[in-house]
Amino acid sequence: MKGGVLALQGDFREHAHVLADLGIAPVEVRRPDDLAQVDLLVIPGGESTTIGKLAASAGLVEPIRERTASGMPMLGTCAGMIVMAKRVEGGEPLLSLVDITVRRNAYGRQVDSFESDVEVNGIDHPVRAVFIRAPIVEDVGPNVSVLAEHEGHPIVLEQGNLVVASFHPELAGETRLHEYVAGKA
Ligand code: GLN
C-alpha cells in the first residue's frame, strides 16, 4: 500500500514517518501525478491558509475531491481538518468535504498548546494527542460521527472514508489513527 502525504507545507515528514512505521510506503504528494499513485492521503498540520493556497495553485483541489468521492481514505490533522471542513470560521473552506463547522485557533495561542491522552471509538487504547493552535469543531452534520471528545468538544470525527482530528497524533509518535484510516483502504 502507498500512503500519500500532502507535502506543500506543515509537518508532512512526521506523517511520512508514521506511515513508514506502519509498513505503508510514504509518498510526498505535490502534484496530481503523485496523488494518482496513492491508496490514501494524509493532510498534515501547519497553516491551513498556506496549504489551501498551495494546493489550489498545484491543481490538487479537484483531483483530491474526485479521489475521495470514489472512496480513497483521507486523514486530516489540525490544519488538515480545517482544509477538509465544509465551513470555516475565520477562514475559507478549501476541499469542503466533511460536514462540520470549525473555528480556527480556538484553543488560543501557541503558548496554550497542550497534550492529552484521548479515548477514540474504534481504537483500543487511548491515543496521545498534541494540540497546537487547534481548531474547535462548532457544528457537526448528520452524516458525521464523533469518535472522540475533549472537554465537550468533538476532536476526532468520521464521515465515511474521511477522518479528521483537531490535534497532531504524529508529533507524539502515535500511529493508531493512521492505522485506523489505512484500514479503510
Ligand atoms: N492554526 C493553524 C491553522 O489555522 C492550525 C495549526 C496546526 O495545524 N497545528 O491553520
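Read-outs: derived from the displayed coordinates by stated rules, not from any lab. Since the structure is predicted, the reported quantities are computational estimates derived from the model, not experimental observations. Every residue, glycine as well, gets a Cβ built from its backbone with ideal geometry; the counts of neighbours run over all protein chains shown.
Remark: the Cα gyration tensor places the range 8-113 in the oblate category, a/c being 1.5 or greater and a/b not exceeding b/c.
Measuring between their Cα centroids, the range 92-134 and the range 1-78 lie 18 Å from each other. What residues have an amide H closer than 5 Å to that of ALA25, excluding those fewer than 5 places away on the same chain, when H is modeled at 1.01 Å from N in the peptide plane? Under 5 Å from the amide H of ALA25 lie the amide H atoms of GLY3, each far enough along the sequence or on another chain. When only the Cβ of Lys, Arg, Asp and Glu is charged (+1, +1, -1, -1), the dipole of the chain relative to its Cα centre reaches about 520 debye.
Packing, taken as the mean count of other beta carbons within 10 Å per residue, orders the peptides 110-120, 14-24 from highest to lowest as 14-24, 110-120. Each DSSP beta bridge with both residues in the chain is either parallel or antiparallel, and the antiparallel ones are about 50%. Sorting the segments 141-153, 64-76 by their mean number of nearby beta carbons within 10 angstrom, highest to lowest, gives 64-76, 141-153.
For the range 148-159, 3J(HN,Hα) computed residue by residue from phi via the Karplus equation (6.51, -1.76, 1.60; θ = phi - 60°) reads 7, 10, 9, 6, x, 10, x, 10, 10, 9, 9, 9 Hz, glycine and proline entered as x. Taking the inverse of the mean 1/r over every pair of distinct Cα atoms in the chain gives a Kirkwood hydrodynamic radius of 15.8 Å. For the range 116-185, a/c is not less than 1.5, where a ≥ b ≥ c are the root eigenvalues of the C-alpha gyration tensor, and a/b does not top b/c. That puts it in the oblate class.
Taking a ≥ b ≥ c as the square roots of the eigenvalues of the alpha carbon gyration tensor, the range 51-109 is prolate, as a/c is not under 1.5 and a/b beats b/c.
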